[in-house]
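*Asks:* Next up is a structure, given as structure tokens.
Since every read-out is calculated from the coordinates, none of them should be taken as a lab result. From a predicted model like this one, the values you see are computed outputs, not experimental measurements. All Cβ positions, even for glycine, are placed from backbone atoms using ideal geometry, and neighbour counts span all protein chains on display.
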Amino acid sequence: MTVKKRIALAAFALAAASALILSGCAAGASESSSSSKPSSSPAASETAKAQKAPKFLPEGSAKDNLYYFSWVMEQALAADPATDATTMAQKIADSGFGAAGIQFTLDRTAVGLASDSMFVGVPFAGECLVGQFGPKISGVKTDVEPALASGGCLLGTGIQTLG
């Protein structure tokens, strides 16, 4: 096996392991996980409108802003269920987090197929807000994770950065 093939295989294995770890964390139904399904019923729409939108807390911690982060992602998907990772990252930046350091995964695999899910990582107050979304998962999954030693939030090949 060539070095190039081994590197590609290792990168794929790392990406798959990361996705499994994050989806496993989200499947635990912890307080910090968020999952939503768009509803077309009038009662659900009225209830959603009656609830106040959360606010960005620039002086708060990552955990303090987790609900807001989740809400921003959910709103982006409600407006366009086919939202790509670049657009999602930009919407998060525009919501108050700023573009500096926001990372996201690619929308397509190395062989050109559509990604089953995408990740967005936002460095905030020494930690990372990490969100997962995509056509093969239900709603949005979010959590607060420690920042990497490099200062980033996502690890792997093909990680893009907004600012």
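*Asks:* How would you rank GLU59, GLU127, going from fewest to most other Cβ atoms within 10 Å of each one's own Cβ?
*Replies:* Placing the least packed residue first, the sequence is GLU59, GLU127.
*Asks:* What order do you get for LYS136, LYS55, LYS141, LYS91 when you list them from fewest to most C-beta neighbours inside 10 Å?
*Replies:* By the 10 Å Cβ count, ascending: LYS136, LYS55, LYS91, LYS141.
*Asks:* A further question follows. Does a label point 7 Å from the Cα of SER61, set along Cα-to-beta-carbon, have any residues of the range 118-132 with amide nitrogen under 14 Å, and which are they?
*Replies:* Only 124-129 fall inside the zone, counting backbone N under 14 Å.
*Asks:* Which ordering of LEU113, LEU77 is given by a fewest-first count of other beta-carbon atoms within 10 Å?
*Replies:* LEU113, LEU77
*Asks:* Starting from 0.36 nm per residue, how many nanometres of slack lie between ALA53 and ALA100 once their C-alpha separation is accounted for?
*Replies:* 14.5 nm
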